[in-house]
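The values are calculated or read from the model by the stated rules, or taken from the named source; none is laboratory data. None of these values were measured; they are calculated from a predicted model. Cβ sites come from the backbone with ideal geometry, for glycine too, and all protein chains shown count toward neighbours.
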Amino acid sequence: METETTGIDRILDAVRRGVDHLVSRQREDGRWDGEYGGPMFLLPLYVAGAYATGQEIPDDRRREMIRYFRSVQNPDGSIGLHTEAPGSMFCTSLAYVALRILGVSPDDPYAVSMRGWIRSHDTPLGSASWGKSVLAILNLYGYEGVQPVPPELWLLPRWLPFHPGRLWCHARQVYLPLSYLYANRSCCPETALIQALRLEIYDRPYAHIRFAEHRGTLAPCDSYVKPSLPLRLVNWLLHAYERCPLQRLRNRSLEQVLDHIDYEDRTTGMINIGPVNAVLNSIVHHFREPGGQAFRAHFKALDGYLWQAPEGLLMNGEDSTALWDTAFAVQAILATPFAQTHIESLRRAQAFIQETQILEDPPQAEHYYRHPSYGGWPFSSRAQGWAVSDCTAEGFKSAVALQGIAEEPLTEERLYAAIRWLLSIQNPDGGWASYELRRGPKWLERFNPSHMFADIMVDYSYTECTSACVQALAVAKECLGHLFGTELERAVLRGAKLIRHNQRADGSWEGAWGVCFTIGAWYGVQGLRAAGQGPEVPAICKAVNFLLAHQNPDGGWGEHFESCLQRRYVAAEPSRAVNTAWALMALVGAGRAHGDAAQRAASFLGSLQQPDGDWPREPITGIFNKTCLIHYDNYRRYFPLRALGEYLRATAP
């Protein structure tokens, strides 16, 4: 029978090996980064963009892209919205087109099964809106069947609650280039391949399809967010306008759209906020000036999104995960008893974190609907330039924790700038959104045109972002309190109020950026503790009871991504390392480290570890907009390690 001492020794050994493995994956410049794939519309969009703009994809890339598509194809021939989802017409039709562009024969068995699925599920006529738009760019779908995205919306008075500048930044940056492409009915030439694809993906002759009759056609697999009555009414009005648009107004609006696209390019070093608008902006540059310098530079910059995974070449959801991964890797190492043996690694990480802090605001920020960025940290790199609330919080916490060993500590001025930026984006409800202050009312979601994604119109106050920011402000109270007076305490109390408000009656918090209630529990508990709440307060006790009710017999926790879709806890067995790590850290934070549940969870994490100190690849635990999983590959390395480190610290005699 294993004694308590033997169990602790085994966990200590697991932590030592986990730290060694994590440090071995650090890059020379001090960063950690990794795969950030999963969404299955990204790589097809890249391939479509290359074809629409006449760019050849090298043979070695073609082979690896084809291999990746085959590795994620479902047994029924379909491709899901993400790699673990059932078939989506949006992604399956784009993936089929991408494979054919990459040189796959229509007689290839994978292509045959994919085409069979497309035809048996109502063809791309039922694709979600983004799919129809991309197919229209490829001359595979009539623009008369695309719901309108008129650029004139950008000329509306800014005070209107539905002005595009009030949308969540990712949404407005995607619909910005889409409006240009829609207004110009931009599409590539009708090549022999396009003619062949028209025959392959539809169940009737292309010339006989009345695309205008299919504007509202939506396959059941692509209708997570069904068009509301107000949206259908607005679409009808916009189509009426499209019959005879005012040309002078259209020209003015297109000039403004191009100006905003150019601004996004200038202020992000051509990286852009994400891969969708990055590809679409490249396509805009092509149709604006085929072969021009802006297009060549922009298309080349897309290479930064491509990632060689074991399964093949994919497209990441950001240009890198560098700041995010590095901050959490640092925190995991510091949570263990072995940090002192890796001082040089931590110093390199500190230098990278320091180098990544954004040190200037985007010029004319207000005119271009940008929030100032000075002092914040991005998700990836300083060059990308979009500051994010929780990235800033984690960057700040890590920088402060490393001050004592840094060769060049961050100056007080730069630490102050980070906290001043966080305070500048605290919402009136006390919480924090992702990139900016919340700008629009919730009823804007009734006009969500995406079909496949929820909560894309507004940047909400999220439990995760709010907790991270509350934790950072609590740290700032200790080292910068003399510069802020009572301002930090007021902000922390307001943030804690939002966290309590977001807690459900059963004690759970719904996560928005991870799967789903386990990450919510960790952030919820940690945020309240950082705000000064003791482990005995009702909110934390209820969170503990929720976790205990869902612990699996093996000692861990596992959540299926259906938790996010159904918005209730959907268990998965066997348990998973990342979900278990989040739950264990919540229990430790709630003062329950000495309980049987925490001991069983720690033992489970130790048992999963591989001989090299890594943890095995698992189902994806990251998500966005309720529906689309995204893979943070390094989560399996630093979260289990950090959880075990915190457990050891809390149970030490």
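Hey, could you check region 129-143 for residues that are part of a helix (DSSP H, G or I) and aromatic (Phe, Trp, Tyr) and say which is surrounded by the most Cβ atoms within 10 Å (Cβ to Cβ)? Give the steps one after another, and end with the answer.
Residues of region 129-143 that are part of a helix (DSSP H, G or I), as a first pass: 129-137, 143.
Retained after the next criterion (residues that are aromatic (Phe, Trp, Tyr)): 130, 143.
On the way: TRP130: 23, TYR143: 21.
Out of the qualifying residues, it is TRP130.
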Exercise. All but one of (1) among the hydroxyl-bearing types (Ser, Thr, Tyr); (2) in contact with a strand residue (DSSP E or B) (Cβ under 9 Å, 6 or more places away or on another chain); (3) farther than 20 Å from ASN625 by Cβ hold for SER563, so report the exception by its number.
Key: (3)
Practice problem: Report yes if GLY430 is under 21 Å from GLY532 (Cα atoms), touching a residue at least 60 places away in the same chain (Cβ under 8 Å), in contact with a Lys or Arg (Cβ under 8 Å, 6 or more places away or on another chain) and surrounded by 16 or more Cβ atoms within 10 Å (Cβ to Cβ), otherwise no. | Solution: yes
Quiz item: Out of (1) under 20 Å from ARG382 (Cα atoms); (2) under 22 Å from the mean Cα position of the chain (by Cα), what's the single condition that is false for GLY312?
Solution: (1)
Quiz item: When region 69-94 is examined, which residues are found to be surrounded by 24 or more Cβ atoms within 10 Å (Cβ to Cβ) and aliphatic (A, V, I, L, M)?
Solution: ILE79, LEU81, MET89, LEU94
Practice problem: For region 32-45, state whether one or more residues are without any contact (Cβ under 8 Å) to a residue 60 or more places away in the chain and farther than 26 Å from TYR632 by Cβ. | Solution: no
Practice problem: Please specify each residue of region 378-398 satisfying the condition of being of a type in the set (D, E, K, R) and in a helix (DSSP H, G or I). | Solution: ASP390, GLU394, LYS397
Self-check item: Test: residue in region 151-162 that is of a type in the set (Lys, Arg), surrounded by fewer than 18 Cβ atoms within 10 Å (Cβ to Cβ) and at pLDDT below 95
Solution: yes
Practice problem: Please work out which residue is farthest from ASP76 (Cα to Cα), limiting yourself to region 221-267 and to residues that are among the aromatic types (Phe, Trp, Tyr) and in contact (Cβ under 8 Å) with a residue 60 or more places away in the chain. | Solution: TYR263
Quiz item: Just a yes or no: is a residue in region 288-300 without any contact (Cβ under 8 Å) to a residue 60 or more places away in the chain and aliphatic (A, V, I, L, M)?
Solution: yes
Quiz item: Of these, LEU548, LEU584, which one is touching a residue at least 12 places away in the same chain (Cβ under 8 Å), touching a helix residue (DSSP H, G or I) at 6+ places or on another chain (Cβ under 6 Å) and either crowded, with 17+ Cβ neighbours inside 10 Å or within 25 Å of VAL475 (Cα to Cα) (or both)?
Solution: LEU584
Quiz prompt | Selection status of GLY375, in contact (Cβ under 8 Å) with a residue 12 or more places away in the chain and either surrounded by fewer than 23 Cβ atoms within 10 Å (Cβ to Cβ) or outside any loop (DSSP other than H, G, I, E, B) (or both) | solution = no
Quiz prompt | Residues satisfying the stated conditions in region 101-119, i.e. more than 17 Å from LYS132 (Cα to Cα) and surrounded by 23 or more Cβ atoms within 10 Å (Cβ to Cβ) | solution = MET114
Quiz item: Checking LEU218 against (1) among the aliphatic types (A, V, I, L, M); (2) in a loop (DSSP other than H, G, I, E, B); (3) surrounded by fewer than 13 Cβ atoms within 10 Å (Cβ to Cβ), which test does it fail?
Solution: (3)
Quiz item: Got a number for residues in region 85-110 being under 20 Å from LEU42 (Cβ atoms), in a helix (DSSP H, G or I) and of a type outside the set (Phe, Trp, Tyr)?
Solution: 11
Practice problem: Six or more apart or on different chains, Cβ under 6 Å: which pairs go from a residue in region 1-26 that's surrounded by 14 or more Cβ atoms within 10 Å (Cβ to Cβ) to one that's modelled with pLDDT of 95 or more and among the acidic types (Asp, Glu)? Could you list them? | Solution: HIS21/ASP612; HIS21/ASP614
Quiz item: Exactly one of (1) crowded, with 18+ Cβ neighbours inside 10 Å; (2) touching a residue at least 24 places away in the same chain (Cβ under 8 Å); (3) in a loop (DSSP other than H, G, I, E, B) is unmet by ALA406. Its number?
Solution: (1)
Self-check item: Long-range neighbours under 6 Å by Cβ, at least six apart or interchain, first residue farther than 16 Å from ASP455 by Cβ within region 562-576, second among the hydrophobic types (A, V, I, L, M, F, W, C) and surrounded by 14 or more Cβ atoms within 10 Å (Cβ to Cβ)
Solution: GLU562/VAL570; TYR569/PHE517; SER575/TRP557
Practice problem: Report yes if LEU155 is touching a Gly at 6+ places or on another chain (Cβ under 9 Å) and in contact (Cβ under 8 Å) with a residue 40 or more places away in the chain, otherwise no. | Solution: no
Quiz item: SER508 versus (1) part of a loop (DSSP other than H, G, I, E, B); (2) surrounded by fewer than 23 Cβ atoms within 10 Å (Cβ to Cβ); (3) touching a helix residue (DSSP H, G or I) at 6+ places or on another chain (Cβ under 6 Å): which is the lone unmet condition?
Solution: (2)
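Looking at ARG31, ARG70, ARG27, which one is of a type in the set (D, E, K, R) and in a helix (DSSP H, G or I)?
Answer to the selection: ARG70.
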Quiz item: Which of (1) assigned to a loop (DSSP other than H, G, I, E, B); (2) over 21 Å from the mean Cα position of the chain (by Cα) is the odd one out, the single condition LEU423 does not satisfy?
Solution: (1)
Exercise. Quick one: which residue in ARG25, ARG31, ARG16, ARG10 is under 28 Å from the mean Cα position of the chain (by Cα) and over 19 Å from GLU318 (Cα atoms)?
Key: ARG25
Quiz item: Regarding ILE419, is this residue among the hydrophobic types (A, V, I, L, M, F, W, C), farther than 25 Å from ASP319 by Cα and touching a Lys or Arg at 6+ places or on another chain (Cβ under 7 Å)?
Solution: no
Quiz item: For the subset of region 253-281 comprising residues that are polar (S, T, N, Q) and more than 18 Å from the chain's Cα centre (by Cα), which member is surrounded by the most Cβ atoms within 10 Å (Cβ to Cβ)?
Solution: ASN281
Self-check item: Failed item, numbered, when VAL234 is tested on (1) surrounded by fewer than 14 Cβ atoms within 10 Å (Cβ to Cβ); (2) assigned to a helix (DSSP H, G or I)
Solution: (1)
Quiz item: Got a number for residues in region 111-128 being among the charged types (D, E, K, R) and assigned to a helix (DSSP H, G or I)?
Solution: 2
Quiz item: Are any of the residues in region 517-529 part of a loop (DSSP other than H, G, I, E, B) and either surrounded by fewer than 20 Cβ atoms within 10 Å (Cβ to Cβ) or among the polar types (S, T, N, Q) (or both)?
Solution: no
Exercise. Could you grab the pairs with beta carbons closer than 9 Å, sequence gap of 6+ or different chains, first residue in region 471-489 and farther than 15 Å from ALA531 by Cβ, second one of a type in the set (Phe, Trp, Tyr)?
Key: LEU480/TYR416; LEU483/TYR416; PHE484/TYR416
